[in-house]
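Here the structure comes first, spelled out in structure tokens, and everything after it is commentary.
The values are calculated or read from the model by the stated rules, or taken from the named source; none is laboratory data. Not measured: the values here are computed from a predicted model. A quick note on method: Cβ atoms are made from the backbone with ideal geometry, for glycine too, and the neighbour counts reach across all protein chains shown. These accessible areas exclude ligands, DNA and RNA; they are computed on the full protein's heavy atoms, side chains included. Shrake-Rupley method; radii C 1.70, N 1.55, O 1.52, S 1.80 Å.
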Amino acid sequence: MKPGEQLPPLEIPVTRTLVVAGAIASRDYQDVHHDAETARQKGSPDIFMNILTTNGLVGRYITDHFGPTAVLHRVAIRLGAPNYPGDTMVLRGTVEEVAETPGGATATVRVVGENGIGRHVTGTVTVTVPSEADAPSRAGVPTTADVPSAADLPSEATTPAGGAG
């Protein structure tokens, strides 16, 4: 990782489900994020994505690029053009600066997300990528291969509630 490095773009289809699920997951029950008719009454052509969903997508963009051991320290964003269902947001990033720290390399990444009507989000993310020696061990952490399937469970565990076993 070095200053000037461009992260590959990430295209995110903005679906109605993404907008509503993101609002619910972040406990943002404002009607403009789930009720199209109310959103229109308030002057918007449709429901639109909330800032917490955008914040999460920006964080995902960074951790998808730098890997599962990356640690986000700061995500500072500003919203611009709304994300409406049916559009696509494209996130792009540029590494602005990198510093070696005791835990690995810490970078500041400038992130921009655009959709069909303009720039949806701009901001910076501070992320540390641990060196090999500092990376947390995955020993003892279960993987999906360690999770039993229904076939591995005793028959009473797979019987519907109230059903005969």
**Report entry** Shape call, segment 14-141: gyration tensor on alpha carbons, a/c limit 1.5
**Finding:** prolate
**Report entry** Residue list for segment 54-95, given a label point 7 angstrom along the Cα-to-Cβ vector of ARG16 and an amide N cut-off under 11 Å
**Finding:** 85-86
Report summary line: Rounded to one decimal in nm, the spacing of the 7 Å Cα→Cβ label points at ARG27 and THR88 is 3.5
Report summary line: To the nearest Å², the heavy-atom accessible area per residue of segment 46-89 with 1.4 Å probe amounts to 47
Requested in this report: Place a label point 7 angstrom from the Cα of THR69 along the Cα-to-Cβ direction, then list the residues of segment 1-43 whose backbone nitrogen is under 19 Å away.
Outcome: 1-2
Query - With DNA, RNA and ligands ignored, accessible area of ASP31 (1.4 Å probe; Å², nearest 10) - result: 40
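Determine the sum of side-chain charges near GLN41: Lys and Arg each +1, Asp and Glu each -1, restricted to other residues whose C-beta is under 13 angstrom from that of GLN41. Could the numbers behind the result be given before it?
Working: positive: ARG40, LYS42; negative: ASP31, ASP35, GLU37, ASP46.
Here the charged neighbours net out to -2.
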Report task. Give the Kirkwood hydrodynamic radius (Å, one decimal) of segment 1-82, defined as one over the mean of 1/r across all pairs of different Cα atoms. Result -> 14.4
**Report entry** Portion, in percent, of the accessible area of segment 51-129 that falls on carbon or sulfur, probe 1.4 Å
**Finding:** 52
Requested in this report: Note down the accessible area of LEU10, probe 1.4 Å, to the nearest 10 Å².
Outcome: 40
Report task. Specify, per residue and in Å³, the volume enclosed by the convex hull of the alpha carbon atoms belonging to segment 44-116. Result -> 94
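Give the calculated FRET efficiency between GLU5 and GLN41 to the nearest 0.05, with a Förster radius of 45 Å applied to their Cβ-Cβ distance.
Details: r = 45 Å, r/R0 = 1.01.
Working from the Cβ atoms, E equals 0.50.
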